[in-house]
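Structure first, then comments.
The values are calculated or read from the model by the stated rules, or taken from the named source; none is laboratory data. Small disclaimer: the values here were computed from a predicted structure and weren't measured. Backbone-built Cβ (ideal geometry, glycine too); neighbour counts: all protein chains shown. These accessible areas exclude ligands, DNA and RNA; they are computed on the full protein's heavy atoms, side chains included. Shrake-Rupley method; radii C 1.70, N 1.55, O 1.52, S 1.80 Å.
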Amino acid sequence: MQETAAMDAPTETPATSERVHTAVLIGRFQPLHNGHMALLRAALERAEQIVVVLGSAWQAPNPKNPFSWQERAQMLREALPPADAARLHCVPVRDYYNEPLWVQAVQQAVQSCVPEGASVALVGHFKDATSGYLARFPRWQLISLPRLGQFDATPLRDIYFGESGVDFEALAAQVPPATLQFLRQWATTPVHAQMCEEWRMLARYRQAWAAAPYPPVFVTVDALLRCRVPHEGAQQDHILLIRRGHAPGLGLWALPGGFLEPRDTLWQSCLRELREETCSTLSEADLQAALQSVQVFDHPDRSLRGRTITHVHYLDLGVLPSLPPVQGGDDAALARWVAVCDLPAMESAFFEDHFQILRQFLPLPVQQPLADTGAKIG
């Protein structure tokens with residue numbers, strides 16, 4: 001779910017409003033808690049059907065977004081009586097890190113579940129700056145409810161992944177019984193152990209600059225290196241990726257890159273990271289000639305490490321007789337040329353926003369959202 005600032009609000013409907021055909025709830029539900037359930041029950045009282053928009057879909061697991069959208073749909077359905085669950089539609093929406101695209105995707109996902117001409121209302125409450133998304137849908141009525149209890153998913157994830165082990169008793173007071181059962185089972189999976197390690201790494205990371213008078217802003221560089229080589233009588237498009245060798249994002253695909261060194265220019269850091277992580281032997285002159293553009297990606301939520309602004313250097317080597325040799329080095333467990341046609345199927349295995357970065361430069365189709373297709377774990 002995108003975090004936005006306030007703007008012109010949609011028509012606000014008091015809590016005693018007449019029924020509507022469809023009530024919409026937007027959130028990440030990581031995990032589902034009793035505050036979410038209070039909103040869901042209020043929506044069920046006011047509408048014939050509920051459409052829950054599950055944000056951060058197709059995102060690789062991380063301590064902020066550990067559960068797949070299918071698992072979150074499962075939590076929602078299992079927390080409701082069967083008659084109410086039958087009125088529920090769950091639709092996934094990815095993080096675009098681009099507000100207009102995100103708003104359009106939400107509207108399209110909801111409309112796919114709503115008959116033409118049916119009344120639609122958005123249900124929610126203004127908690128803080130992250131609730132600004134409620135004002136982005138002026139065509140829908142707004143049923144603005146008071147905050148129903150002091151529930152917040154962030155401290156729940158801290159309990160679930162923190163240093164002291166999972167305190168299921170503390171979770172039991174804040175999540176539905178079915179969700180607690182889900183969390184107990186999920187805690188036995190290898191992904192939970194990986195998320196605990198990532199949580200600890202990020203906690204140490206934040207602690208390292210906790211004494212700074214202001215939260216730091218990190219500057220990074222990434223290299224998007226592209227080329228085309230002969231393949232079965234045609235030319236096949238490739239880009240160079242690395243597989244991360246350390247947390248955060250251990251094992252995920254990413255563009256070669258890293259932090260700006262104190263005495264480097266952006267270009268110098270880009271060259272250094274490219275050589276260190278891929279062992280590329282391409283000359284600086286060839287890379288300079290291949291440079292097409294440098295684009296800044298600065299969404300406030302693009303990285304869990306803190307505010308991180310990256311400068312993506314887009315380099316196109318054109319048509320080559322064969323793929324230049326590469327191998328993983330430094331922080332990269334692997335370096336590999338990947339055919340562009342294979343990238344869409346890899347979306348949920350990319351680090352942070354790197355798949356959406358690729359979509360800025362390459363014509364990549366994406367998986368289309370489907371409603372109500374949950375998956376059981378185990």
Inset, instruction - State which residue pairs qualify: first residue closer than 17 Å to Asp95 by Cα and touching a residue at least 12 places away in the same chain (Cβ under 8 Å) and inside segment 335-358, second residue of a type in the set (Lys, Arg) and in a loop (DSSP other than H, G, I, E, B) in any location, beta carbons under 6 Å apart, and separation of 6 or more residues or different chains. - result: Glu352/Arg302; Asp353/Arg302
Legend entry - Subset of segment 139-158 [at pLDDT 90 or above and either in contact with a strand residue (DSSP E or B) (Cβ under 6 Å, 6 or more places away or on another chain) or in a loop (DSSP other than H, G, I, E, B) (or both)]: Arg139, Trp140, Gln141
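Checking the structure you have, find out if any residue of segment 167-182 is in a helix (DSSP H, G or I), among the hydroxyl-bearing types (Ser, Thr, Tyr) and either in contact (Cβ under 8 Å) with a residue 24 or more places away in the chain or touching a strand residue (DSSP E or B) at 6+ places or on another chain (Cβ under 9 Å) (or both).
The answer is yes; a qualifying residue exists.
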Inset, instruction - Identify all residues within segment 256-271 that are touching a residue at least 12 places away in the same chain (Cβ under 8 Å), assigned to a helix (DSSP H, G or I) and of a type outside the set (A, V, I, L, M); write none if there are none. - result: Trp267, Ser269, Cys270
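Answer yes if at least one residue in segment 222-229 is surrounded by fewer than 19 Cβ atoms within 10 Å (Cβ to Cβ), aliphatic (A, V, I, L, M) and closer than 27 Å to Ser322 by Cα, and no otherwise.
First, pick out the residues of segment 222-229 that are surrounded by fewer than 19 Cβ atoms within 10 Å (Cβ to Cβ): 228-229.
Then drop every residue that is not aliphatic (A, V, I, L, M), which leaves 229.
Now drop any that are not closer than 27 Å to Ser322 by Cα, which leaves 229.
Among the residues of segment 222-229, at least one is surrounded by fewer than 19 Cβ atoms within 10 Å (Cβ to Cβ), aliphatic (A, V, I, L, M) and closer than 27 Å to Ser322 by Cα, which makes the answer yes.
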Legend entry - Scan of segment 59-78 for residues that are over 27 Å from Gly249 (Cβ atoms) and crowded, with 22+ Cβ neighbours inside 10 Å, ordered by number: Leu76
Inset, instruction - Could you list, in sequence order, all residues of segment 183-225 that are more than 27 Å from Phe297 (Cα to Cα), touching a residue at least 40 places away in the same chain (Cβ under 8 Å) and among the β-branched types (Val, Ile, Thr)? - result: Thr189, Val191
Inset, instruction - Take the residues in segment 212-234 that are among the small types (Gly, Ala, Ser) and in a strand (DSSP E or B), then tell me which one is modelled with the lowest pLDDT. - result: Ala234
Inset, instruction - Could you check how many residues of segment 152-179 are surrounded by fewer than 17 Cβ atoms within 10 Å (Cβ to Cβ) and either of a type in the set (S, T, N, Q) or more than 21 Å from Arg200 (Cα to Cα) (or both)? - result: 7
Inset, instruction - Any chance you could count how many residues in segment 279-317 are of a type in the set (S, T, N, Q), in contact (Cβ under 8 Å) with a residue 12 or more places away in the chain and assigned to a loop (DSSP other than H, G, I, E, B)? - result: 3
Legend entry - Answer from Gly249, Gly258 - the residue that is over 20 Å from Leu320 (Cα atoms), assigned by the TED database to the domain that holds Thr220 and open to solvent by 10 Å² or more (accessible area, probe 1.4 Å): Gly258
Inset, instruction - Would you point out which residue out of Thr11, Thr22 is more than 17 Å from the chain's Cα centre (by Cα), polar (S, T, N, Q) and modelled with pLDDT under 55? - result: Thr11
Inset, instruction - Please work out which residue is surrounded by the most Cβ atoms within 10 Å (Cβ to Cβ), limiting yourself to segment 307-337 and to residues that are at pLDDT 95 or above and under 22 Å from the mean Cα position of the chain (by Cα). - result: Thr310
Inset, instruction - List every residue pair whose Cβ atoms lie under 6 Å apart, where the two residues are 6 or more positions apart in sequence or sit on different chains, the first residue falls within segment 119-140 and is among the small types (Gly, Ala, Ser), and the second residue, located anywhere, is at pLDDT 85 or above and open to solvent by 30 Å² or more (accessible area, probe 1.4 Å). - result: Ser119/His21; Ala121/Gln141
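Is it the case that segment 185-201 has a residue that's in a loop (DSSP other than H, G, I, E, B), surrounded by 13 or more Cβ atoms within 10 Å (Cβ to Cβ) and not aliphatic (A, V, I, L, M)?
Looking for residues that are in a loop (DSSP other than H, G, I, E, B), surrounded by 13 or more Cβ atoms within 10 Å (Cβ to Cβ) and not aliphatic (A, V, I, L, M), one finds none in segment 185-201, hence no.
Would you point out which residue out of Glu232, Glu273 is out of contact with any Cys (no Cβ under 6 Å at 6 or more places or on another chain), open to solvent by 70 Å² or more (accessible area, probe 1.4 Å) and over 23 Å from Lys64 (Cα atoms)? Even if it seems obvious, please write down each step before you answer.
Values: Glu273 fails: open to solvent by 70 Å² or more (accessible area, probe 1.4 Å).
Only one candidate qualifies: Glu232.
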